[in-house]
Amino acid sequence: MNEKALRTLEYDKMIEKLAGFAVSPMAKELARGLQPSVAMSEIILRQQETTEATAMVLRKGNPSFGGFRDIRPQLKRAAMGGTLSIPELMHIGAFLYVCRKAKNYAKHENKAEVYERLDEYFELLTLLPQVENEITRCIVSETEVSDDASAGLRSIRKEIKISNDKVKDHLNGVIASSAYRNMLQDFVITIRNDRYCVPVKSEYRNSFPGMIHDQSNTGSTLFMEPLSVVQLNNKIKELQAKEKEEIEKILIALSALVIQNEAQLGANLELLTQLDFIFAKAQLSLSMDGTQPLFNTRGYIHIMKGRHPLLDKKTVVPTDIYLGKDFHTLLITGPNTGGKTVALKTLGLFSLMGQAGLHIPANEHSQLAVFDNVFADIGDEQSIEQSLSTFSAHMTNIVRILEDVTDHSLVLFDELGAGTDPTEGAALATAIIQHLHQRKIRTAVTTHYSELKVYALSTDGVENACCEFDVQTLRPTYRLLIGIPGKSNAFAISKRLGLPDYIIDGAKEFISHDEARFEDIITDLEISKKSVAFEQERAEQYRKEAESLKQEVENQKEKTRQQKEKILQKAREEAKRIYAQAKEEADQIIKDMNREAKQKNQQKALDSRTKLKEKLSSVQEDFLKSKKVKSTHKPPEKLQAGDRVYVISFDQNGVALSAPDKNKEVMVQMGIMKAKIPLAELMLDETPQPKEPKQRQQNVRAKVSKSQFISAEIDCRGQLVDEALMHIDKYIDDAYLSGLKQIVIIHGKGTGALRAGVQNYLRTNSHVKSYRPGTFGEGEAGVTVVELK
């Protein structure tokens, strides 16, 4: 890309903002070296990375790269065989900790989360827990190695502590001794040259038995080591030397561990640097409310509500700019300080940012083209507010642009042809624009020349535009109106500022009738354009309101459907609860009936049957109230005894025991319960029924009065789990109704699968009070003893 254009369009300032969001020196370096790309595939990948990082930040918050430092010097030194210092090893440990945090950050809480590009980076990060844990275990701070780094170091430091305590105890004895009290300057223990000393008055240097290591500034105090502790101090010095050697061994071992994993550490450094850089782009995007632009190779640009990223986003006026579809050249006119240069720079800077993989502060679905170069002539000292360039500086730059431009470039001219004779300047500007237009090069130009406005009106592929100006307030609105040539508004501004009317009227006399008529037409066009824009905005507002209302209605319909489903589900659950309660009460009544029958109390049994019938009738009525009969079904026409039916009100399958009576009621058996059901509540059960084994059919025929002759045990050995549980379920129901309090299930030992299945089932059976394995003499683990309620 053209270096001058990068500076002119202030791309370098955006790069500095980007570098400010990076954490590591390497990522900052990567950001400062970011250049716009001209390859569509690379641009799309860069944009995708920025978009995915932005989505991750919005969903999970910012990743923590704190403590991420440049470890390249440490890796280089380790590779050369050098021993890393304590601070260097700490940097390696901190780097591995950052890698681990980044890896944890990337874990997806939702399987639907997919970040195609970033997931690849995070997956390639290699965690080195052995290296990280070893460094963390051995290094306490940048100046200290842990006692636990090695057994030898722990032993040496323990000896040093013991020796230090001995020296201190001995010196405390010297200080407390009456023989030396007068010789001491102060009753303290000090350290000089790493040896313990006491302060002695200088006049007693020959009287005090010891070695002089230092003296005070005045010379009145000598720091002497008593002869009695020399051996102990020597031992401490030896131990300190051993400690230093042991620390060196530990550092060598840790450095060797770093060398072994140098390749993984280097790869992690590159990956983490790239991730730091990508998330810096995401932070920049979020700071300016950026979006991902759509790219094309057709030279089409359509920026919707674009905001220059270097202006305050609270006060900047969004603008719409489009170019390259219906026209290739855009001529922007209007008064000074009206926003022409802002529009020009916004167009160029967005193109550079987009091709560099950065988001742009504009509405979603804004479109940019891929240009092989961007050229800008806005002057060396041009700022957004003011132009200070000269004609010669302009023309030198324009010559260079015309030499280097290609058919796939973007060219931006600010005040083309200014700074010289207006007639010649306008002619030059027209010729330059015509040359670029004939090559269909995308060009945007700001100008004050009326000749260029006329050229745009009369030339296909060239379009006028203006920056709106409010004459009443003498302030620009900074809105770009494409399709209308701008006015300088010199007369209106002068009058507003107080210039006498007679001077303004005199100035108007010097303007030809055609020129005045042209300015009037421009004014009419501007008014019409404003009206159309206003109506378009209103129409867009109405459309959004209609969409909002439509969405509201859809949401309300969905909410109603969910509430309806919730009510129906609650009704079904209530019906099932009532049925379960009725079944339990019926079981209890039948159990009482059987017990009373055994006691030959027929009257009580009859009363119990009556009570059961009343209860079932009550339950049936409750069901009928809680559940409506489906209106779409047809009652069976020719129902006979033995037909399988579905009872709608009970939500149960059963068997018809009789044909419909004169009241159109049918006796139906549902499990152990019999009830008269209206024919309208029945449907034929057409689901296929599995055939029962012959042995089971024979067993059913052979059962007589099982409520009186039920066995106290059931043998399930040799059966599959599902088959056994089906028999056990039936057996427990019969045993419960027969009044048995304890039963035995024989399942054998085997692999234990049948025993586990039986015991899991017993936990959920409502008739089971407790169960336990068999004891010695009962069958031990081959049986389960069950106590019924």
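The values are calculated or read from the model by the stated rules, or taken from the named source; none is laboratory data. Being a predicted model, the structure only gives us computed values, none of them experimental. Positions of Cβ are generated from backbone atoms using ideal geometry, with glycine treated the same way; all protein chains shown enter the neighbour counts. Ligands, DNA and RNA are excluded from the accessible area calculation, which covers all protein heavy atoms including side chains. Shrake-Rupley method; radii C 1.70, N 1.55, O 1.52, S 1.80 Å.
Selection within region 135-150: residues that are touching a residue at least 12 places away in the same chain (Cβ under 8 Å) and in a helix (DSSP H, G or I). The member of this set that is surrounded by the most Cβ atoms within 10 Å (Cβ to Cβ) is Ile135.
All conditions in (1) touching a residue at least 60 places away in the same chain (Cβ under 8 Å); (2) within 30 Å of Gln274 (Cα to Cα) hold for Pro129, with the sole exception of (1). Flag not set for His213, criterion: in a helix (DSSP H, G or I), in contact with a strand residue (DSSP E or B) (Cβ under 8 Å, 6 or more places away or on another chain) and open to solvent by 20 Å² or more (accessible area, probe 1.4 Å). If you go through region 535-567 and pick out every residue that is open to solvent by 90 Å² or more (accessible area, probe 1.4 Å) and either in contact (Cβ under 8 Å) with a residue 24 or more places away in the chain or among the hydroxyl-bearing types (Ser, Thr, Tyr) (or both), you end up with 1. Residues in region 220-277 that are open to solvent by 10 Å² or more (accessible area, probe 1.4 Å), among the charged types (D, E, K, R) and over 30 Å from Ala179 (Cα atoms): Glu238, Lys242, Glu243, Lys244, Glu245, Glu246, Glu248, Lys249, Glu262, Glu270.
May I ask you to say which residue of Thr396, Thr333, Thr390, Thr341 is more than 30 Å from Leu284 (Cα to Cα), buried (at least 24 other Cβ atoms within 10 Å of the Cβ) and modelled with pLDDT under 90?
On the way: Thr396 fails: buried (at least 24 other Cβ atoms within 10 Å of the Cβ); Thr390 fails: buried (at least 24 other Cβ atoms within 10 Å of the Cβ); Thr341 fails: more than 30 Å from Leu284 (Cα to Cα).
After ruling out the rest, the residue left standing is Thr333.
Go through region 402-439 and give me each residue that's part of a helix (DSSP H, G or I), out of contact with any helix residue (DSSP H, G or I) (no Cβ under 9 Å at 6 or more places or on another chain) and under 23 Å from Asn373 (Cα atoms). Scanning region 402-439 gives Glu403, Asp404, Ala431, His437, Gln438. Taking region 754-766, which residues are at pLDDT 85 or above, surrounded by fewer than 17 Cβ atoms within 10 Å (Cβ to Cβ) and among the small types (Gly, Ala, Ser)? Hit for region 754-766 is Ala756, nothing else.
Inspect region 743-750 for any residue being touching a Ser or Thr at 6+ places or on another chain (Cβ under 8 Å), in a strand (DSSP E or B) and over 27 Å from Lys583 (Cα atoms) and give the result as yes or no. Talk me through it step by step, then tell me what you get.
From region 743-750, those touching a Ser or Thr at 6+ places or on another chain (Cβ under 8 Å) are 744-745, 747; that's our starting set.
Now restrict to residues that are in a strand (DSSP E or B): 744-745.
Those left that are additionally over 27 Å from Lys583 (Cα atoms): none.
Within region 743-750 (the criterion being touching a Ser or Thr at 6+ places or on another chain (Cβ under 8 Å), in a strand (DSSP E or B) and over 27 Å from Lys583 (Cα atoms)), the answer is no, since none of the residues qualifies.
Might you check whether a residue that is small (Gly, Ala, Ser), buried (at least 17 other Cβ atoms within 10 Å of the Cβ) and farther than 26 Å from Met40 by Cβ occurs anywhere in region 298-314? No - not one qualifying residue is present in region 298-314.
Could you check region 166-187 and list, in sequence order, the residues that are assigned to a helix (DSSP H, G or I) and touching a residue at least 12 places away in the same chain (Cβ under 8 Å)? If you could, list the steps in order and put the result at the bottom.
First, the residues of region 166-187 that are assigned to a helix (DSSP H, G or I): 166-176.
Passing the criteria: Lys166, Val167, Lys168, His170, Leu171, Asn172, Val174, Ile175.
Between Phe350, Phe327, the distinction of being of a type in the set (Phe, Trp, Tyr) and under 20 Å from Asn2 (Cβ atoms) belongs to Phe350 only. Pick from Asp165, Asp169: which is farther than 16 Å from Lys244 by Cα and open to solvent by 80 Å² or more (accessible area, probe 1.4 Å)? From the options Asp165, Asp169, the qualifying one is Asp169. In region 227-255, the residues that are within 24 Å of Tyr196 (Cα to Cα) reach residues that are outside any helix (DSSP H, G or I) and not charged (D, E, K, R) with C-beta atoms within less than 7 angstrom, at least six apart or across chains, in these pairs: Leu227/Pro209; Leu227/Gly210; Val229/Tyr196; Val230/Met211; Asn233/Tyr196; Glu246/Ser150; Ile247/Val145. Contact map, region 422-441: first residue closer than 13 Å to Val462 by Cα, second residue open to solvent by 20 Å² or more (accessible area, probe 1.4 Å) and not in a loop (DSSP other than H, G, I, E, B), Cβ cut-off under 6 Å, separation 6 or more or different chains; pairs are Thr430/Tyr455. Within region 613-647, the set of residues being assigned to a loop (DSSP other than H, G, I, E, B) and either among the basic types (Lys, Arg) or modelled with pLDDT of 80 or more (or both) comprises Lys627, Lys628, Lys630, Lys634, Pro636, Lys638, Leu639, Gln640, Ala641, Gly642, Asp643.
Does at least one position in region 19-28 carry a residue that is open to solvent by 20 Å² or more (accessible area, probe 1.4 Å), of a type in the set (D, E, K, R), touching a residue at least 60 places away in the same chain (Cβ under 8 Å) and assigned to a helix (DSSP H, G or I)? Looking for residues that are open to solvent by 20 Å² or more (accessible area, probe 1.4 Å), of a type in the set (D, E, K, R), touching a residue at least 60 places away in the same chain (Cβ under 8 Å) and assigned to a helix (DSSP H, G or I), one finds none in region 19-28, hence no. Any chance region 33-46 includes a residue that's of a type in the set (Gly, Ala, Ser), within 11 Å of Ala280 (Cβ to Cβ), out of contact with any Lys or Arg (no Cβ under 6 Å at 6 or more places or on another chain) and open to solvent by 40 Å² or more (accessible area, probe 1.4 Å)? No, region 33-46 has no match at all.
So for region 719-732 (the condition being in contact with a Lys or Arg (Cβ under 8 Å, 6 or more places away or on another chain) and either within 26 Å of Glu585 (Cα to Cα) or of a type outside the set (Asp, Glu) (or both)), does at least one residue qualify?
Narrowing region 719-732 to residues in contact with a Lys or Arg (Cβ under 8 Å, 6 or more places away or on another chain): none.
Taking every residue of region 719-732 in turn, none turns out to be in contact with a Lys or Arg (Cβ under 8 Å, 6 or more places away or on another chain) and either within 26 Å of Glu585 (Cα to Cα) or of a type outside the set (Asp, Glu) (or both).
Just for region 172-206: of the residues that are touching an Asp or Glu at 6+ places or on another chain (Cβ under 7 Å) and of a type in the set (Lys, Arg), which one is most open to solvent (accessible area, probe 1.4 Å)? Only one residue fits best here, namely Arg192.
Out of the residues in region 649-667 meeting the condition of being modelled with pLDDT of 80 or more and within 59 Å of the chain's Cα centre (by Cα), tell me which one is most open to solvent (accessible area, probe 1.4 Å).
Among those that are modelled with pLDDT of 80 or more and within 59 Å of the chain's Cα centre (by Cα), it is Asn653.
For the list (1) part of a loop (DSSP other than H, G, I, E, B); (2) of a type outside the set (Lys, Arg); (3) without any contact (Cβ under 8 Å) to a residue 60 or more places away in the chain; (4) open to solvent by less than 40 Å² (accessible area, probe 1.4 Å), I need the number of the one condition that Gly93 fails. Going through (1) part of a loop (DSSP other than H, G, I, E, B); (2) of a type outside the set (Lys, Arg); (3) without any contact (Cβ under 8 Å) to a residue 60 or more places away in the chain; (4) open to solvent by less than 40 Å² (accessible area, probe 1.4 Å) one by one, Gly93 breaks only (1).
Residues are listed down the side, and each one gets a yes or a no for (1) more than 30 Å from Ile648 (Cα to Cα); (2) at pLDDT 80 or above:
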residue	(1), (2)
Ser512	yes, no
Phe534	yes, no
Glu537	yes, no
Glu545	yes, yes
Ala571	no, no
Glu574	no, yes
Asp587	no, no
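Does Glu132 count as out of contact with any Cys (no Cβ under 7 Å at 6 or more places or on another chain), modelled with pLDDT of 90 or more and loosely packed, with under 14 Cβ neighbours inside 10 Å?
On the way: out of contact with any Cys (no Cβ under 7 Å at 6 or more places or on another chain): yes; modelled with pLDDT of 90 or more: yes; loosely packed, with under 14 Cβ neighbours inside 10 Å: no.
Considered against the rule, which asks whether it is out of contact with any Cys (no Cβ under 7 Å at 6 or more places or on another chain), modelled with pLDDT of 90 or more and loosely packed, with under 14 Cβ neighbours inside 10 Å, Glu132 comes out as no.
Would you tally the residues in region 406-422 being modelled with pLDDT of 85 or more and open to solvent by 10 Å² or more (accessible area, probe 1.4 Å)? Before you say what the answer is, go through the steps one by one.
Of all residues in region 406-422, those modelled with pLDDT of 85 or more come to 406-416.
Going one step further and asking which of them are open to solvent by 10 Å² or more (accessible area, probe 1.4 Å), we end up with 406-408, 415.
So the answer is 4.
Here Glu468, Glu451 are screened, and the one residue that is open to solvent by 40 Å² or more (accessible area, probe 1.4 Å), closer than 28 Å to Ala427 by Cα and modelled with pLDDT of 70 or more is Glu451.
Identify, please: which residue in region 96-126 is open to solvent by less than 70 Å² (accessible area, probe 1.4 Å), closer than 30 Å to Asp148 by Cβ and not β-branched (Val, Ile, Thr) and is, among those, farthest from the chain's Cα centre (by Cα)? Ranking the qualifying residues of region 96-126, first place goes to Leu96.
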